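Peer 1: One structure is given below, represented as structure tokens, and several questions about it will come after.
The values are calculated or read from the model by the stated rules, or taken from the named source; none is laboratory data. Computed from a prediction, not measured in an experiment: that's the story for all the values here. All Cβ positions, glycine included, derive from the backbone under ideal geometry; neighbour counts span all protein chains shown. Please note that ligands, DNA and RNA were not included when accessible areas were found on the heavy atoms of the full protein model with its side chains. Shrake-Rupley method; radii C 1.70, N 1.55, O 1.52, S 1.80 Å.
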Amino acid sequence: MSLNLLVQMLLQRDLLTANDAESVLQSRQTVSEFMRTLTERGEQFEKQALDAIAVELSIERFDLIGFSPPGRVLAAVPENLALKHQVFPVDLVNGTLVIATANPFDTHGPDEIQLVGGKPVRIALSGALQIEQALQRFYQQNAGAVASAIHDLSDVGNEMLPGELEDEIRDLAAIESIANEAPIIRLVNALLLQAVRDGASDIHFEPFENEVRVRYRIDGILYDVSQPPKKLFPAIISRVKLMAGMDIAEKRIPQDGRIRIRISGQDLDLRAAVAPTVHGESAVLRILNRASMFLELTSLGISSAILERFSVLFQKPNGAILVTGPTGSGKTTTLYAVLSKLNSSEKKIITVEDPVEYQLNGINQMQVNSKVNFTFANGLRSIVRHDPDIVLVGEIRDSETAEIAIQAALTGHLVFSTLHTNDAAGAMTRLLDMGVEEFLVASTVRGVLAQRLVRVICPNCKEPYNPPPEQLQRLGLPLGEDRFWHGAGCDLCKGIGYRGQTGIYELLPVDSMIEELILKRASATQIREAAVKSGMIPLRQDGLSKAKAGITTLAEVLRVSQE
């Protein structure tokens, strides 16, 4: 659109007077320059003009005030391209990257971002000033904040300390005072901010004999971040404990707490855990990211074939559906996605969890509390007296919880829960080992979904490669038959070659053949073989499909599906 057409369009909508229109055209501004001047004409004018342009071009309008993008969205556009083209990433929808721009007529920026990132790009319209502020907030302002904070600690540490701080600090008033000093606060805040920007799920504060270190868990793997001064480490841990509402005087036993904090306009929930070790207290902060918890089932990486069969299972009015996998494999995310899909005013859903990670609108959630003997089993007994349609038990850990959950499924409730087993077939034998009767397992368990998380190849540095022959051999693949991909390493992924995670799955529906094997107390191997004959796609096979599609690597499939 030329400047003349743009001005005429605003003139027809009474947003510009004839004199204003003539003045703009005589100024010989470019379209880009004119779009930047909208802010100068007042906030209300800019809003009306942008709304009109968005309608005329049939594109989305996006308000960046108070907006914070998820880490995976922010990482999808390299900083140099975002600053070069003055665009800001706002969403990833079904593989399409949505970027906010103040100049919807410039195609060079979206084209370059699409070429570099390998994702289709769709534009949304925002104000120029909003984009500048967002770029400054998320890309420029906090560069090197962690290193700077540690440098400040090194400079002022000796002045802050009344004497050398040992692992056993006797002066609690002194350590609390130090924990509330600006340099300590700045360092902890910088570590939190950097963790969010890097998409970390956990922050580990770890003391050792001669050093201390901070590590981030990103996409399931731990990476070293920094090494603060060892003598100030107790003050850093005390700062974490103060933020989480813990007792800083208690160092003999583990403590848990929660932190709610706002970083760069984003509200975060952090779950804190502190425990004594040989060389001092260690702390872990779990970053609970709402954006990652409320995903649609279709965006979790479940193949269409598995999702179709899984949907049939959880639409049933009763029975038990189990999700298995190790800690950190995304079981809670999957279950929350299912509950969100089932949630409606016609159904009552109650959960008992340890802990309740996020509050789900319209769902009654209870948290286990061992201090008052409120266990999964006790909570489940209470739940069934509250007339629920759907029940979620965070985890089946013992025979008592298993029996009550199965009984609830038998009496007309749809029950969801998790188990720690290596595969889907192992869930059946685990329930039998817990003492649940064979006929109860066979008649109530509708199916088991096993899952793992694999890292996704960085789209910016993705390239074809030939895997080592021994890797192909371990996976039972013929040499040279397929083309595979990996990440070469770049600035976007910090040289790792991966960015983000997706799931690999296997679904075992309980049919008549599986029921018969359960009644015979068949082994997990026998149940698995029968399920594969009935059409179950094994976990590793689902991973290989994603590797062949260029989503992940063979090394990742091997890492998470070792037999």
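Peer 1: What is the chain's relative contact order, in percent, from Cα pairs under 8 angstrom and six or more apart in sequence?
Peer 2: Answer for the chain is 9 percent.
Peer 1: Provide the per residue accessible area, probe 1.4 Å, for the chain, rounded to a whole number of square angstrom.
Peer 2: Value returned for the chain: 47 Å² of accessible area per residue.
Peer 1: Over all pairs of distinct alpha carbons, what does the Kirkwood formula give as the hydrodynamic radius of region 33-100, in Å?
Peer 2: 13.5
Peer 1: Mind putting together the pair-distance distribution for the chain? All Cα pairs, 10 Å bins, whole percent per bin, short to long.
Peer 2: It works out to 3, 15, 21, 22, 20, 13, 5, 1, 0, in whole percents.
Peer 1: Here's another thing I want to ask about it. Compute all pairwise cysteine Cβ distances in the chain, then list the cysteines with no distance under 4.7 Å to another cysteine.
Peer 2: None - each cysteine has a disulfide-compatible partner (Cβ-Cβ under 4.7 Å) in the chain.
Peer 1: Can you show me the helix-derived [θ] at 222 nm for the chain, built from DSSP H runs with n ≥ 4 at -39,500 (n - 2.57) apiece and divided by the number of residues, rounded to the nearest 500.
Peer 2: Value at 222 nm, helices only, nearest 500: -11500 deg cm²/dmol.
Peer 1: Please work out the ratio of the alpha-carbon Rg of region 394-453 to 2.2 N^0.38 Å and round it to two decimals.
Peer 2: That ratio works out to 1.04.
Peer 1: For region 460-474, take each phi angle, set θ = phi - 60°, evaluate the Karplus expression 6.51 cos²θ - 1.76 cosθ + 1.60, and give the result in whole Hz per residue in order, putting x for glycine and proline.
Peer 2: 6, 10, 5, 8, x, 7, 9, x, x, x, 5, 5, 4, 5, 5
Peer 1: Under a Cβ-only charge scheme (Lys and Arg +1, Asp and Glu -1), can you give me the dipole magnitude of region 430-563 about the Cα centre, in debye to the nearest 20?
Peer 2: Result for region 430-563 is approximately 420 debye, rounded to the nearest 20.
Peer 1: Let me know the Kirkwood hydrodynamic radius for region 296-367, please, with Cα pairs as the basis and the value in Å to one decimal.
Peer 2: For region 296-367, inverting the mean 1/r across all distinct Cα pairs yields 13.4 Å.
Peer 1: Next question, about the same structure. I need the Kirkwood Rh of region 405-563: take the reciprocal of the average 1/r across all distinct C-alpha pairs and report it in angstrom.
Peer 2: Computed over Cα pairs of region 405-563, the Kirkwood hydrodynamic radius comes out at 17.5 Å.
Peer 1: While we're looking at this one, here's another question. Sequence-distant or interchain residues sharing an amide H contact under 5 Å with L392, placed H: which?
Peer 2: For L392, whose amide H was placed from the backbone, the distant partners under 5 Å are I350, T351, V352, F416.
Peer 1: Could you state the per residue volume, in Å³, of the convex hull enclosing the Cα atoms of region 49-146?
Peer 2: Per-residue hull volume (Cα only) is 98 Å³.
Peer 1: So how do 282-288, 472-478, 552-558 stack up, highest first, on mean other-Cβ count within 10 Å?
Peer 2: So the order, starting with the most tightly packed, is 552-558, 282-288, 472-478.
Peer 1: From zero up to wherever the largest Cα-Cα distance of region 204-350 sits, split into 10 Å bins and tell me the percent of pairs in each.
Peer 2: Cα pair-distance distribution for region 204-350, in percent: 9, 30, 27, 19, 12, 3.
Peer 1: I would also like to ask the following. When the accessible area of the chain is split by element with a 1.4 Å probe, what percent falls to carbon and sulfur?
Peer 2: 47
Peer 1: Grab the alpha carbons of region 471-563, take their convex hull, and tell me the volume per residue in Å³.
Peer 2: 113
Peer 1: Here's another thing I want to ask about it. Taking the Cα atoms only, what angle lies between the long axis of helix 43-57 and the longest principal axis of the chain, rounded to 10 degrees?
Peer 2: Computed tilt is about 70 degrees.
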